[in-house]
Structure formats: C-alpha cells, structure tokens
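**Student:** Please read through the structure below; I'll follow up with questions.
The values are calculated or read from the model by the stated rules, or taken from the named source; none is laboratory data. This one's a predicted model, so the numbers in the text were calculated from it and none came from an experiment. Because the Cβ atoms are built from the backbone with ideal geometry, glycine has one as well, and the counts that use them run over all protein chains shown. With ligands, DNA and RNA removed, areas are computed over all heavy atoms of the protein, side chains included. Shrake-Rupley method; radii C 1.70, N 1.55, O 1.52, S 1.80 Å.
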Amino acid sequence: MATQDNKDTSFALELAGVKYQWPGKQPFSIAIERFAIEPGERVLLLGESGSGKSTLLSLVCGIILPDSGTISIGETKLNDLSSSARDRFRAENIGVIFQMFNLLPNLTPLDNVLLPLHFAPARRARLQEPARDAALSIMEKLGLPLEAMIGSPASRLSVGQQQRVAVARALIGQPSLIIADEPTSALDTKTRSTFMQLLFAQVVSAGSTLLMVSHDASLASEFDRAVSMSEIAETSQMVLA
Amino acid sequence: MILLRVAMRSLLGRRITVALTVFTIALSIALLFGVEKTRVGARTSFADTISDTDLIMGARSGSVQLLLYSVFRIGNATNNVSWQSYQEIVDRPEVEWAVPISLGDSHRGYRVMGTTAEYFDRYRYRGGRQLEFAEGEPFDDLFDAIIGADVAQALEYQLGDDIIVAHGLASFSAHDDHPFKVAGILEKTGTPVDRTVIVSLEAIEAIHVDWQGGAQILGQSTSADVLRQMKLTPKAITAAMLGVNSKLQIFQLQRAINEYRQEPLLAILPGVALQELWEIVGVAETALAAVSAMVVFTALIGMMAMIFSGLNERRREMAILRSIGARPSTVFTLLLMEAAAMTLAGIVFGIAILYTILWIVRPIIDARFGLYLPLEPLDLREWKLLGLIAITGALVSIAPAIRAYRLSLADGMSIRM
C-alpha cells in the first residue's frame, strides 16, 4: 500500500475537489466537490447517459487521474500512486462488473473468475481455501451450474449467467470496493431481481462496499442510499462547430 | 502461466485465421529450408564429384579450366601432356598411383574418355564411393567400351551394342572403321561419369593410327586385328589423376609439377579448384536463398497484418483485462506471446512439412538429377536461422502490440466496439 492519510475515519471511497477534463476535440469536463461512501455501504448512483458516469468510474478505478483534487479508496490516495501502482491497486482492491460482455469469451468461466488473482497476489492470499475451490464455491452460491463453469468457453453461457460469473470474478478474494456499471440493463425483469438478490447477498458476505451506476431509479429502494449524478457532479461539454 | 493460457485460448477462439497464418509461415519456412537443404545438397554433390584424388595434372592453363575439362568434361584442354613428361612425373617417389585420361573424341554428344583400367579403382566420388558396374565388366578387348548410366539410358544401349566414335566433339568424320562394343554399363553416380563413354587409352591411340592432322589418311585403314597386335603407346594424354603416398607430399608434388622444366604443366588440388568453381556458381544460390528469405519475411508481415486487423474487435477483451488490474504492458506482452506462439507453431509445422517432403522426394531427386539430399537433423546454422525467424516474428509483432498498448491506455475500461 502506498501513502497513508492521517484521518480518524476513512471512507470506503472519497472524492474531494475533483476536476477532470478529457483531452480531445470535444472536451468534456467533470467537477465533483465531494462524494464519499462509508465502508459496507451500498450506493446507487443515478444518471442518464452523458452525465459523466463513465468518467467518474474511470477516475475511481484509477484509469485516469484528476487534474486537481483527491480520490481516496480506504486509506490510499490514488493521486499518489504511479500508473502501474494504480493498476495493481485496482487489481487488489476493486471488483468491476460491466453492463455486459464482462468475460473473456474464449476462457472458461472458471478461468475468468481466477484471472484477477493473477494480478492480485494479496487477494489470492486472502482466500481461505485453494483458489479453484474458492471460485467454484462462490459460483455455486451465485446459482451457477458448476459443470458448465469448467469445460466450455464462457461465450456459451446465457447473458444472465455471464453477469453472475462477472459477479464471482469481482468478488473473489473480497476486494473492498465493488463497482457495477449498469449490470442489469441486459437482463429481463425476473433475472434482474434474482441477480440483484444474489449480488447483494454476496457483497454483504464479502463485507465489500458497493457502488452501482444505473439510470433506473426503480432500483433505489434496494440500496442504502441513492445519489443522482447531478447532485454531486457538475459537467460541461463544449461542442466545437 | 495464466497469461499464456489467455493467449492460447484467444488464438483458439480465432482458429481459422490463426491456422491459415500458421500454415503460411510453415510453408514459407519449409520453402526456405528446402532451398537451403537443396543448396547444401547441390554443393555437397558438386564437391563429391571427385574424391580421394590428391592432384589433377594437365597442361598449364587455369585451375578451374583444368577441373572443368578433366572432371566435368566441360570445355577443352588448350594443350596436351606428353607421354614422356607424364612418365617422368609418375616415376617420382611421391606418386603412389596415377590414372591418365585422354579426351577429344565423342559419341553422339557424349564425351569419349580414354584411360586405364585402374580408373575404375581409383576414381572415387561422394566421400570415397567406387564406380560399380550395373552390367558387364572393365574393358578386356582393345575395342571394348564402358558407358555411363545416362548414356545407356538415353541411347538405350545394352551390352554388346556397337558404338562408333566420332573424331572430335562436333565433327562429321567418324572412326567408323573401328566400332567399339559396349562391354560394361556403370551404375548411376550423379557425376559426369554417367555421361561418359570410357575406352582404353590404347583404343584412343588405335583409332587414330590412320589419321593425320584431324583427317583420315585416304585409303588407309588398319584392321582391328593388326591394331590389337600393335604396341599402342600414346604420344600424349589430356590430363592425369594422381595419388600420393603421404598427404604431406601433396604440395611438394604439386610444386614439382608446376615447376616442371621440360613442359608447362599444372597440378591442382581438386577440392580447392571445386571451391573456386563453386564461388562462381554460388551467386545463383545466394539469389535463390534471398528470395526464399523474402517469402518468410512476407509470411511474418502477413501475421502482423492479421494481428493488426484483429485489434479492433479485441478492444473489449483489453478493457476487461484492464478492469481486473492488467497493465497496458500486460496487453502488450499478451500480443507478443500470441505472435511468438504462432511463429513457433509455424516453425514446428514448417520443419515437419520439410522433412516429410524431403523423405518422399529424396530417392526421386537422387535418381533423376544425381542430387543426393542427406536426411540429417538440423545443423547449428539452421537452428540459428530458426532462432532468427522466431526473433523476427516477435519483432514484427511489436508494432501491433504497441498499437494495442496505446488503445488500452486510451480506452481504459470503457468498452468500445
């Protein structure tokens, strides 16, 4: 772990005075005065497309660095880390679930779940049992048919199953922060509610913090807190003629 | 190791394009090494045309010229060696054996060579192999002729057939009053011997008894029986193959011949002259090797194009890898590994193709062209060449890998399609 902040209490995630502007011909900029999540909290971040959700997630994951301000995860300030140290930090501490196409299609689901451990030795060390057993056990808890997890490529699974494998991959080794980027948008209503239940159960049992981004306000009741992008961030898009 | 599995799985997922790419590389490598093996085979066959002969002696000219007319039967001697000089050289203490040869006449486009029966013992090719008779035996009678395998095959000669020797190489005057009989047919050797009619030195003398200044003396024809009784000592020979008692004496004898006062003579070491000759012929083989090397390079460029064209659809894969903590350099390494795996597969497959083809065509090439291709494992030079190809494969894939690095740096975790 890199630099530590001397704070009495540390948030699971904290952004303060963050400003970022994408380089390019149509610069998009985002400014976040303050946004923080308590450890173990489950937060829904609501926002329409173009509201800066993706930029926020890239900042939180340390893919990009803010032009000013600080981003902290736990006691670590991402600003202080080099690019490769941020990559390592992300591997160790953040699990990411995308909207869809989460898996490497040619690997088996099991290999997909084991893959992040390759980049995160501490996460691997945190496992109570051999990595393969841990992966299978979490997949079993997510209601995935184990025989389909081992032999054939991930591309053979249904979208719903693929999303659940993505949850297993995000949660293995209990990273402190789970980022989910509209993970249910490709699922039908029934699959969606099952998925949400399973996700919550596993997040709770791993003791992780959950930040989920969505445009679907109906999900809000299931979370500890729902925040709208417009409440925390100011965005501007200069369109050049 | 899991990264290797990711690379392998990703290749498997694109198995058709990958297989075609690997096949292209394999074919190009089989071609390059095929050319290389043929080149070495040709060179060896060439160098194997004559072996175990220490020196070749002839009238003074160039060493390559002497080699060409005495061994390859190409071109003509500028002058002869007098029998007396030959005798004096042969009587030197260094000389263990000597085989004189006399060239100048021909039979239907094939050279006629006069020599002694010792020629069949002393002439060696391909690392000491001896001439062998497919049919018949060395000459017994004055008008016996031994023919090479190609002569027998092309002219459909059999034992006992008559042969009329023409005077000179391209002339209308023939020694038709003294026909020869085919007394022996040699096994195929892959050397110029296959294309030679061999008669005794005395026979060459005999058919020229009635000749003077390149034409037959009008109305004069000595009968064969009379000729058989005559003492037919040649006045001159074209060249001679010499063996020395001890290898240490080769240079001593060579100097003695080259400094021979009575007559300008030249002695050459066949191996050295062959080397000189090969350097002249070698330009073509270098060109051929260069062309096949270009083919391998083209195949590797093809692989680079294939990786490049696949990059866009793989941006999703890269974003996933980035999201789970892979660094852009990991993506770079992954692409290099894939290229290395494809090159390696191409190499292994290519060498397999090469040896399979070699194994099949080897007997055919040996019989048809007298080109002996040894079926040997790869030598150090060839291993080095393979290493060079592997490195080149990795090098050409650096460009798409850098592009992937940049893409994954720019895309981050956002999945762009």
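**Student:** Identify all residues within the stretch A:76-89 that are among the polar types (S, T, N, Q), in a helix (DSSP H, G or I) and within 14 Å of chain B (Cβ to nearest Cβ); write none if there are none.
**Tutor:** Correct list: A:SER83, A:SER84.
**Student:** Turning to a different aspect of this structure: Any chance you could count how many residues in the stretch A:70-98 are buried (at least 18 other Cβ atoms within 10 Å of the Cβ) and either among the polar types (S, T, N, Q) or more than 17 Å from A:LEU177 (Cβ to Cβ) (or both)? Walk me through it before giving the result.
**Tutor:** Step one: filter the stretch A:70-98 for residues buried (at least 18 other Cβ atoms within 10 Å of the Cβ), giving A:71-74, A:76, A:78, A:81, A:86-98.
If we keep only those that are either among the polar types (S, T, N, Q) or more than 17 Å from A:LEU177 (Cβ to Cβ) (or both) as well, we get A:72, A:76, A:93.
Qualifying residue count, the stretch A:70-98: 3.
**Student:** Checking B:ASN312 against (1) closer than 16 Å to B:SER28 by Cβ; (2) among the polar types (S, T, N, Q); (3) surrounded by fewer than 19 Cβ atoms within 10 Å (Cβ to Cβ), which test does it fail?
**Tutor:** (1)
**Student:** In the list B:LEU407, B:LEU371, B:LEU385, which residue meets the criterion of being touching a residue at least 24 places away in the same chain (Cβ under 8 Å), assigned to a helix (DSSP H, G or I) and open to solvent by 20 Å² or more (accessible area, probe 1.4 Å)? Break it down into steps so the answer makes sense when it comes.
**Tutor:** On the way: B:LEU407 fails: open to solvent by 20 Å² or more (accessible area, probe 1.4 Å); B:LEU371 fails: assigned to a helix (DSSP H, G or I).
So the residue among B:LEU407, B:LEU371, B:LEU385 that is touching a residue at least 24 places away in the same chain (Cβ under 8 Å), assigned to a helix (DSSP H, G or I) and open to solvent by 20 Å² or more (accessible area, probe 1.4 Å) is B:LEU385.
**Student:** What pairs come out if I take residues in the stretch B:1-26 that are at the interface with chain A (Cβ under 9 Å from one of its Cβ atoms) and pair them with residues that are among the acidic types (Asp, Glu) and part of a helix (DSSP H, G or I) whose C-beta lies under 6 Å away, six or more apart or interchain?
**Tutor:** If the second residue must be among the acidic types (Asp, Glu) and part of a helix (DSSP H, G or I), the pairs left are B:LEU11/B:GLU338.
**Student:** Quick one: in the stretch A:47-75, which of the residues that are more than 16 Å from A:GLY95 (Cα to Cα) and out of contact with any Lys or Arg (no Cβ under 9 Å at 6 or more places or on another chain) is farthest from the other protein chains (Cβ to nearest Cβ)?
**Tutor:** Once the filter is applied, the top-ranked residue is A:GLU48.
**Student:** Moving on to the next point. Do any helices (runs of 4 or more DSSP H) lying entirely in the stretch A:107-190 carry at least 3 residues that are within 11 Å of chain B (Cβ to nearest Cβ), of a type in the set (A, V, I, L, M, F, W, C) and open to solvent by less than 10 Å² (accessible area, probe 1.4 Å), and which ones are they? Steps first, answer last, please.
**Tutor:** Values: elements: A:109-119, A:121-126, A:131-141, A:147-150, A:159-171.
Per the criteria, A:109-119.
**Student:** Kindly list the number of the only condition in (1) under 19 Å from A:GLU14 (Cα atoms); (2) out of contact with any Phe, Trp or Tyr (no Cβ under 6 Å at 6 or more places or on another chain) that fails for A:ILE232.
**Tutor:** (2)
**Student:** For B:ILE307, are the conditions met, namely being within 14 Å of chain A (Cβ to nearest Cβ), in a helix (DSSP H, G or I) and in contact with a helix residue (DSSP H, G or I) (Cβ under 9 Å, 6 or more places away or on another chain)?
**Tutor:** Details: within 14 Å of chain A (Cβ to nearest Cβ): no; in a helix (DSSP H, G or I): yes; in contact with a helix residue (DSSP H, G or I) (Cβ under 9 Å, 6 or more places away or on another chain): yes.
So B:ILE307 fails the test.
**Student:** Got at least one residue in the stretch B:175-183 being within 30 Å of B:TYR372 (Cβ to Cβ), open to solvent by 10 Å² or more (accessible area, probe 1.4 Å), at pLDDT 80 or above and part of a strand (DSSP E or B)?
**Tutor:** Restricting attention to the stretch B:175-183, the residues satisfying the condition of being within 30 Å of B:TYR372 (Cβ to Cβ) are B:182-183.
Filter once more, so that each one left must be open to solvent by 10 Å² or more (accessible area, probe 1.4 Å): B:183.
Going one step further and asking which of them are at pLDDT 80 or above, we end up with B:183.
Within this subset, residues satisfying the condition of being part of a strand (DSSP E or B) are B:183.
Taking every residue of the stretch B:175-183 in turn, at least one turns out to be within 30 Å of B:TYR372 (Cβ to Cβ), open to solvent by 10 Å² or more (accessible area, probe 1.4 Å), at pLDDT 80 or above and part of a strand (DSSP E or B).
**Student:** Another question about this same structure. Specify the residue that is farthest from A:CYS61 (Cα to Cα); the eligible residues are those in the stretch A:90-105 that are assigned to a helix (DSSP H, G or I) and within 8 Å of chain B (Cβ to nearest Cβ).
**Tutor:** Filtering the stretch A:90-105 down to residues assigned to a helix (DSSP H, G or I) leaves A:90-93.
This time we only want the ones that are within 8 Å of chain B (Cβ to nearest Cβ), so: A:90-92.
Details: A:ARG90: 6, A:ALA91: 10, A:GLU92: 11 Å.
Step by step, filter the stretch A:90-105, then rank; the result is A:GLU92.
**Student:** B:PRO100 versus (1) away from chain A (no Cβ under 14 Å); (2) surrounded by fewer than 20 Cβ atoms within 10 Å (Cβ to Cβ): which is the lone unmet condition?
**Tutor:** With (1) away from chain A (no Cβ under 14 Å); (2) surrounded by fewer than 20 Cβ atoms within 10 Å (Cβ to Cβ) applied to B:PRO100, the lone miss is (2).
**Student:** In the stretch B:259-270, what residues are touching a residue at least 24 places away in the same chain (Cβ under 8 Å) and open to solvent by 50 Å² or more (accessible area, probe 1.4 Å)?
**Tutor:** Our first condition is that a residue be touching a residue at least 24 places away in the same chain (Cβ under 8 Å); within the stretch B:259-270, this holds for B:260, B:262-270.
Correct list: B:GLN262, B:PRO264.
**Student:** A further question on this structure: Would you confirm whether any residue within the stretch B:44-65 is basic (Lys, Arg) and either at pLDDT 90 or above or outside the structural domain of B:LEU386 (by TED's automatic domain parsing) (or both)?
**Tutor:** Narrowing the stretch B:44-65 to residues basic (Lys, Arg): B:60.
Still in the list and also either at pLDDT 90 or above or outside the structural domain of B:LEU386 (by TED's automatic domain parsing) (or both): B:60.
Yes: one or more hits.
**Student:** Separate question: Return yes when B:VAL35 is assigned to a helix (DSSP H, G or I), open to solvent by less than 60 Å² (accessible area, probe 1.4 Å), at negative phi and touching a Ser or Thr at 6+ places or on another chain (Cβ under 9 Å) and no when it is not.
**Tutor:** Numbers: assigned to a helix (DSSP H, G or I): yes; open to solvent by less than 60 Å² (accessible area, probe 1.4 Å): yes; at negative phi: yes; touching a Ser or Thr at 6+ places or on another chain (Cβ under 9 Å): yes.
Yes.
**Student:** Taking A:PHE28, is it closer than 30 Å to A:ALA186 by Cβ, at pLDDT below 85 and touching a Lys or Arg at 6+ places or on another chain (Cβ under 9 Å)? Before the answer, list the steps.
**Tutor:** Values: closer than 30 Å to A:ALA186 by Cβ: yes; at pLDDT below 85: yes; touching a Lys or Arg at 6+ places or on another chain (Cβ under 9 Å): no.
Against the criterion (closer than 30 Å to A:ALA186 by Cβ, at pLDDT below 85 and touching a Lys or Arg at 6+ places or on another chain (Cβ under 9 Å)), A:PHE28 does not qualify.
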